[in-house]
Each structure stands twice: as C-alpha cells, then as structure tokens.
Amino acid sequence: MTSSRRSFLATGLALPAAGLAIPRPGRTPAVPSAAPAAPDKLAFRTLGKTGLKVTSLGFGCMITSDASVIVRAADAGINYFDTARGYQSGNNERMVGAALKSKRQQVHISTKTGAKDKAEALAQLDTSLKELGTDYVDIWHLHGKQTAAQLTDDLLEAQQIAKKAGKIRFAGVSLHSGHAEVIPAAIQSGKIDVILMAYNFTMGSRLDEWIVKAKAAGLGVVAMKVMAGGYRHLRDDSPSGAILKRPGAMSAALRWVLKNPDIGTTIPSMTDMDQFEDNFKCMPAKFSAEDEKTLAAHLERIGPLYCRMCSLCAGTCRRGLPVSDLLRFVTYADGYGQFALGRERFRELPGDVTAVRCGDCAHCTVQCPHGVHVAERISRAQELFG
Amino acid sequence: MRGLALFLAAAAASFAQAPDCGLLSGWTQQGEARSFTGGNLFEYMDGNAEGYLLYHFVRMRGVNCQSGEDTLVFDVSEMENAEWAYGMFASNRDPRVPVEKIGTETQIVPRRAILVKDKYFVEIGSSKEQADVLRQFVRATEKRIAGSSEPPEALTWFPQEKLVPGSVRMVPESVLGIGALKRGYVAEYDTGKAFLVKETSPESAAEVMNKLRARIGGTAPVKVADEGFEATDKYLGRLCFFRKGRMIGGFTGLGGGADATAITAKLAESLK
C-alpha cells in the first residue's frame, strides 16, 4: 500500500525537461563563488565499504524550500545531500539538482525510490537523474522498507542494473522501523551498501546492536530523524517544546548521534541558515554533560508517556489489547489535542477489545522497556474513549 | 438534540470529503479504506510525512480504486485551513505544467492529479496514463467538497506584470532560507524573486527588519514604504527589502541593471 502510493505519486508527474524551478541563465547568480571551508571545522567519516569520505553532518533537503541554504552548506564543505523522488512530488530533487549543479564533483547525492517493481524503479531513477541534472547518483535507496519481504529480489536487481549502467554508485535502503528485520535482510542480500535509518536520543541504545552489525558487515550507516522528529510542531509553551526549543537543545540531540562512531553521517532537515550554522558547529564538538542534562530533561518528561513504537509489547497483554495502538490513540487526545480522532480510532477496534478495562487485571503483564506507564495510559484511553 | 444534530452534520460532512471510488462508474474500491493523522502518517509514507506536517496536516482519508487492470491511489488530506491546503498544493504542483480552474486549483498530468479546495488537498495517482479519468474524478470530488474555491488573499498581493505564471507559493518556514522570516509567500519575476511576509504587528515587523539588517550587513537605506534597505548578499544576490505596516517584502536576485528601488516600491504599492 505504502509503496504503491509513493510510486504512483512519484511517477505521476510526467517530466518535461527544463523548467521554471530550474534557475535560468542569468537569473540565479544569487549564488556567487564558493567560500573555502575552514578544514578544522569539518569532520569526515568513511561511509562503510563505499569508501566515501563524508562530512559527519550531511543535509536532509526534504523540507528545504530555498536553494540558497543548500548552496551555503556546500560552500562550507558539507558533501552529503539527501533527497527523494517523492519529496514535493519531484520538486525537491529539481531544487537540489539546481543548487548543487556547479559542485557535482565535490558532493555526494543520495535519492530514493518508492517503486514497487524493477521496471518502475528504473524509470523513476531516470526521472531522478533528469531532475537532479546529473548522470549518476552516489547512493540510490529503496525508500521506507519496514519488513524483509519488502526488499524484493526484483528491487535489489534494479539497483544492480543501475549500478552496472553507471547510474548509481551504491545501493541503499531506508527504514524508519523494522530494523531487526530489514538490516539482517540487507546484510544477507550482499547487495546493499548503505543503510539510512531513523536514529536519535529517544531510542537510547535500542538500535546499537543493529548499527554494530551493519557496520561489521561493511555497510555505511546514515542517520535520519536525528532530532527526534516533530519538534517543529511542538508548541513553545508546552513542557516538551520548552525543553527542545531552548537554545542548544537541538544541537545536543545532533551531538548525541554524532558521538556514535559507527554512524557515517547524519541528515538533519534544515530550512534556514541559522539552523545550518548551529548544526555545522556540532561537527567537531563533543557531546557534553550539559547536553546529557538537556536531553535527560526531555526524556524524563516524555518517558512515561511517549510510545517509541518499538513493538516489543506486541502480544504481551494477556487480554489481547493492541498496546501500541491504544497508546497512540491516547496520544492523539493528550499530545495533539485531537480527542475526536483518538475516539474514532478507538471505536474502530473490535468490541471485545474496547470492552476490556485494565482495572480488571490485578497485575499488568505489559512491561515497556522504555518506561511508558502502559496500564495507566491505556486506562486513560478506556476512560476517554470507552 | 442539538448536539446530536451537530454530530450528524459533522459525520455527514466528514463522509462527503472522503475519497470515493464510486464517483465514476466502473470503478470499485479495492481493499480497506485508510485513515491517518499527524501522529501516524509516517506509517503510510515514512519520511515524506514531514512534508505534510509542515503544512499543518490534520488528517487523511484514502482508498485504492480499481477498474479492470487499472488502479488509482486516491487520498484526501485535510489541512488546518484553506491557506495551508493551498500551500501544500503549491509545493506539490509542477511549476512547468499549467493548472486548471477546478476547485481552487487543479493540476493534472497523465498519471497524477492534485486538487485543492478550501482546506482539502486531494491527490490521485494512476497506474497508467489517463488524464481524462483523473479529470473526471477530480471534478466529481470537487463537487462534494463544501467550502470556498477562492485562492488565498496572498496571491493578490503580487503584481501581475512580469510575474512567472504559477510561481507563487507559500513557504511554511524560513522564507529565503532566513529564520527571521518565519512564514510567507514567494513569487518569481523576470527581474528576480519577490517575497512577502506578514508579521503580527508593525512593531514586530520593524524588529525583524533590524534582524535582517544585522544578518545581511552592508545595507543602505532606501525610501520604500515605511522603511527599506538595499544590499548585496553572497547567497541572495542583489536585494531590496521594505516594511509596510506589518508586512515585510522585497526582491532578491535582482540583475545589475534593474532599478531595485522602483521594482520594490511597486510591490509595496500593491499591498492595500
């Protein structure tokens, strides 16, 4: 379902050649010559068996709307830029390509396909190359795979064909969840060079095992969602917003990821020059005790409430409750102020599930490894929606 | 009683906005309908979800439709208001392809259609090229969506002369890549890129102007509206910014021969 939507929407736009979003000759010299980066401020790492020397800070271009920020980052020496066929229906690839056109040889570009089969994937790659204005991408990811079964032979073959044709240098897979399935499958395939995965301080050491295994197998590991995602939508006056939006808090989150030497590079989203400059300073900096304190304050606040969706609770309720779903529904109400939606989703559950009351059990069999107060939170869902 | 009536009205409205394969004869729903909110949209589209949340996404309803071998992926997203929905549409439309006046605006390419009307953003992707079918679905869907088909007022702020068609778009965060310009609109002209940002008050706008002067450096004052300055920035090129009441606007990327003050003054004058 997911891939079909992505692929439909990504291939949907037939792509005429030159366009309005591409700077026209004489129109966008808003980007004068590159300033040499101060080498001591850049930190480089090797991206697994690809051998690519990448800056530990890369650039997630997905929500960037002004190309000047990307150009500025490249001028400063950042050499890893990430986009995808599906971002802004292809407009994002076009902007990234235009911004990096004059620096193609100095930077590494990764993009992604959400295609469901080989033919569609290869067609999307051709469109990506056209939009990016290049004849190769450095890393081509299969986008958003959550299960081993989604890494089909067909898609892996598409990557190999593209590699042989010189259209991609390396093959990758991106994932937000399902690490325990997807990473071993990627390793076992012997065809994946890079893993792009969600990784941030809220996950603690939960994913370290998989990062170590990927690294040991020679895969490069790129971290996304390094700032725990969603902080942009936190209200300034909410307790979490107050912590995460305080000066330096997002830098602390980035430094937390960078302290893991097995991470090849990071791709935080950046929309303006201030954000870029803050992140740029993190490269040579060490994760400090002050950073630890800042992040701990946030974790303490969200710990009992925030479901990390690790799925370790699946099947552990003796009454058969879908624990992570119920935690999510109550978060709609308490976290996002969308009570009606929480109730709507709750009422879509089977009657024998909605009839359960946690108070009827003397002891809860569900133990969240991240400290979420499961029985308390689900009781609240039952009280609110039941 | 009134509560029940309101509930039923809301339920009916909610149903009316939902995507429906039966809008065209010969098409049937394939599988379950889906529904997502900001809390779980990533389950449907992973990282791409952030692009929706940026435009104040509220919820999405979707279905897959089938007719013989052909399939459609049909999603209707509700954004916080019509302005955000238009912003979402503009960020997803291909600026090289014309739009049609169906709803507020529609863009149809052979395998994809997007429509915006009121606070709803509709996407239909097709397994094969069939613009006519997409257009029929869009027209039928548009009729079921209540609300205004008027574009956001911001589109009228930009003078039409030398405006590149279809280039006006909302920037939800960091206009021109500058954090102080929180949210606004940009438009492409033959002469450069124009922008407009509405601040909460003239005082806060004046404060932002001071931040911009400090950020850009080397500014020279110009007489445009309440206050203005000219400068050349390494990344934004030759620029001219002004403040008019609580509005901040200007041009970047102006060519060497352009009369920056005159062009910018025209933009300021277009603001009523």
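Structural remarks
- Residue by residue along B:121-129, Cβ atoms of other protein chains within 10 Å of the local Cβ number 3 on average.
- Shielding score for B:131-139, defined as the mean number of other chain Cβ atoms within 10 Å: 0
- Rounded FRET efficiency, nearest 0.05, which uses the C-beta distance separating A:D135 from A:A340 and R0 of 45 Å: 0.35
- Applying a 4.7 Å Cβ-Cβ cutoff to chain B leaves B:C240 as cysteine residues with no disulfide-compatible partner.
- Cβ charges +1 (Lys, Arg) and -1 (Asp, Glu), total dipole of chain B, debye: 480
- Karplus (6.51, -1.76, 1.60) ³J(HN,Hα), θ = phi - 60°, over segment A:188-199, in Hz, Gly and Pro reported as x: 4, 5, x, 10, 9, 9, 9, 10, 10, 9, 5, 7
- Overall, segment B:8-144 carries a charge dipole of about 340 debye about its Cα centre when +1 sits on the Cβ of Lys and Arg and -1 on the Cβ of Asp and Glu, all other atoms neutral.
- Mean separation of Cα pairs under 8 Å and 6 or more residues apart, divided by the residue count, gives segment A:52-183 a relative contact order of 20 percent.
- Bins of 10 Å from zero: percent of alpha-carbon pairs in segment B:154-269: 15, 53, 31, 1
- Each Lys or Arg adds one and each Asp or Glu takes one away; over the other residues whose Cβ falls under 14 Å from the Cβ of B:P221, this sums to 0.
- All Cα pairs of the protein assembly as shown, percent lying beyond 48 Å: 12
- Assigned charges on the beta-carbon of Lys, Arg, Asp, Glu; segment A:159-215 dipole about Cα centre (debye): 380
- Acute angle (nearest 10 degrees) that the helix B:82-92 long axis makes with the longest principal axis of chain B, alpha-carbon atoms: 90
- Calculated over chain B, the projected area of the Cα convex hull averaged across directions stands at 17.3 nm².
- Take each residue of peptide A:320-330, count the partner chain Cβ atoms within 10 Å of its Cβ, and average: the result is 1.
- Computed lengthening from B:A262 to B:D132, 0.36 nm per intervening residue step minus Cα-Cα distance: 42.3 nm
- DSSP-assigned coil residues among trypsin sites (Lys or Arg not before Pro) in segment B:88-132, each with at most 13 further Cβ atoms within 10 Å: B:K101, B:K128
- Relative contact order for chain B: 11 percent, from Cα pairs under 8 Å spaced at least 6 residues apart, divided by residue count.
- For the cross-link pairs B:K198/B:K223; A:K101/A:K130; B:K223/B:K244; A:K259/A:K286; A:K53/A:K215, the ones whose C-alpha atoms lie over 18 Å apart are B:K198/B:K223.
We did not get these values from a lab; they are worked out from the coordinates using the rules stated. Bear in mind that the values here come from a model prediction, so they are computed numbers and not experimental data. Cβ atoms come from the backbone with ideal geometry, glycine included; neighbour counts cover every protein chain shown.
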